[in-house]
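Let me begin by presenting the structure, written as structure tokens, before commenting on it.
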Amino acid sequence: MGHIWLIGMMGSGKSTVGRVVADRLERPFYDTDVAVEDAAGATIVDVFELCGEDVFRETEKTVLEEIATRPVGVIATGGGIVLDGGNVDIMRSTGTIVLLTAGEETLVRRLEESVDRPLLAEAATLRLRTLARERDERYRAAADLVVDADGSVEVVSDLVEAVCSGL
Ligand code: S3P
């Protein structure tokens, strides 16, 4: 039995669904964004603003390595985790990678009110669509399993639980 790593775009529901699935499977839940904030002692917005994206990515990698060694759990990762091939190797070697996919309209709708995504600080909708298209190939190449995440938290959690049953 290994970790269940949830990957996918901002707004795909990784943290919300991850918490529900962890609860149902009685496993710990971890979140790389929260771990970055703990490690940095600052919010993600501040890390981006004060230190830049490169420092954020380095910290993200460090916390991923550390989380991988924790008792097996369900993990929500930041949307950019797949940008580093080494991160994908770590996730693959320590569990199963589940991609949550949602249509661009869904992502836009879910993130309309978001103020804590530095990459969407300007021209959010356009940026989101561009990132989703740029990253699609990486997400699909990294994923062991793909789950449609357009539905409600309940529905998506059911799907993740179903594809992960027996893992
Ligand atoms: C990012 C996604 C965010 C967070 C950071 C960068 C990205 O996490 O890690 O703002 O590059 O897509 P969520 O996917 O949890 O929003």
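What a 1.4 Å probe finds exposed on the stretch 1-142 is 49% carbon and sulfur by accessible area, rounded to a whole percent. Scanning residues 5 or more positions from Gly95 or on other chains, those with amide H under 5 Å from its amide H are His3, with H placed 1.01 Å from N in the peptide plane. Once the 1.4 Å probe is applied to the protein heavy atoms, the chain comes out at 49 Å² accessible per residue.
Dipole magnitude for the stretch 55-167: computed about the Cα centre from +1 point charges on Lys and Arg Cβ and -1 point charges on Asp and Glu Cβ, it is near 240 debye.
The distance from the alpha carbon centre of the stretch 1-37 to that of the stretch 83-146 is 14 Å, rounded to a whole number.
Applying the Karplus relation 6.51 cos²θ - 1.76 cosθ + 1.60 with θ = phi - 60° to the stretch 147-156 yields 3J(HN,Hα) values of 10, 6, 10, 7, x, 6, 4, 4, 4, 5 Hz, where x marks Gly and Pro. Among rounded, prolate and oblate, which fits the chain when a ≥ b ≥ c are the square roots of the eigenvalues of its C-alpha gyration tensor, a/c under 1.5 means rounded, and a/b larger than b/c means prolate? Because a/c hits 1.5 or more and a/b fails to exceed b/c, the chain counts as oblate.
The values are calculated or read from the model by the stated rules, or taken from the named source; none is laboratory data. Given the structure is predicted, the values throughout are model-derived calculations rather than measurements. Note: ideal-geometry Cβ built from the backbone for every residue, glycine included; neighbour counts use all protein chains shown. Accessible surface areas use protein heavy atoms only, side chains included; no ligands, DNA or RNA. Shrake-Rupley method; radii C 1.70, N 1.55, O 1.52, S 1.80 Å.
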